[in-house]
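Let me begin by presenting the structure, written as structure tokens, before commenting on it.
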Amino acid sequence: MKKIKSMTLIALFLFTVSVFLTSCMTTKTSVGAFKETQGSEYTYAKGKQLWLFWGILPLGRTNVNTPGDGNCEVITRFNVGDALISGLTGGIVTSYSIKVKAKKKQ
């Protein structure tokens, strides 16, 4: 019984640590005049990129659409779901979430 409690406690601890550390693994790249453009932000497109062997080999290339004018912000994030995929496979399969944000012109 003690072993089950300790394993549960370790799993809960690792989950909590992965939730807090994934916020550090975010990249935001502004493209074009995204920062200067006025308007409200919205999610233009989403995608998920899969990698093999701890990020060495990509599994295909994810094509995430971008606006025609080219003004957008590309956000690449390693979130909790991605940490679960990586953790359950021992890092052999890793995924990253990609989000493209644009602004609606007023």
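Bear in mind that the values in this text are calculations on the coordinates, not laboratory data. In this text the structure is predicted, and so the values were computed from the model without any measurement. We place every Cβ from the backbone using ideal geometry, glycine too, and count neighbours over all the protein chains shown.
Would you work out which of A11, S95, G55 lies farthest towards the positive end of the dipole of the chain? Charges go on Cβ: Lys and Arg +1, Asp and Glu -1.
A11
Pick from I56, I75, I92 the residue whose mean-square fluctuation is largest in a GNM of the chain, springs joining Cα atoms under 10 Å.
The residue with the greatest mean-square fluctuation here is I56.
In a GNM of the chain with a 10 Å cut-off on Cα contacts, which of G90, G68, G39 has the highest mean-square fluctuation?
So, out of G90, G68, G39, the one fluctuating most is G68.
Do me a favour and compute the ellipsoid semi-axes for the chain from its Cα gyration tensor, root of five times each eigenvalue, largest one first, whole Å.
Listed largest to smallest, the semi-axes of the chain are 35, 17, 9 Å.
Name the residue, out of T94, T37, T66, whose mean-square fluctuation peaks in a Gaussian network model built on the chain with Cα pairs under 10 Å.
The residue that fluctuates most here is T37.
Return one number: the angle in degrees, 0 to 90 and rounded to the nearest 10, between the long axis of the Cα atoms of helix 2-21 and the longest principal axis of the Cα atoms of the chain.
Here the helix axis deviates by roughly 20 degrees.
Tell me what the chain gives for mean residue ellipticity at 222 nm when only DSSP H runs of n ≥ 4 count, each as -39,500 (n - 2.57), the sum divided by the residue total, rounded to 500 deg cm²/dmol.
Here the helix-only value at 222 nm equals -9000 deg cm²/dmol.
Setting aside same-chain residues fewer than 8 positions from K103, which aspartates and glutamates have a Cα under 15 Å from its Cα?
Within the straight-line limit of under 15 Å, K103 reaches these aspartates and glutamates: E36, E41, D69, E73.
Treat every Asp and Glu Cβ in segment 31-101 as -1 and every Lys and Arg Cβ as +1, leave all other atoms uncharged, and give the resulting dipole magnitude about the Cα centre to the nearest 20 debye.
Here the size comes out at about 180 debye.
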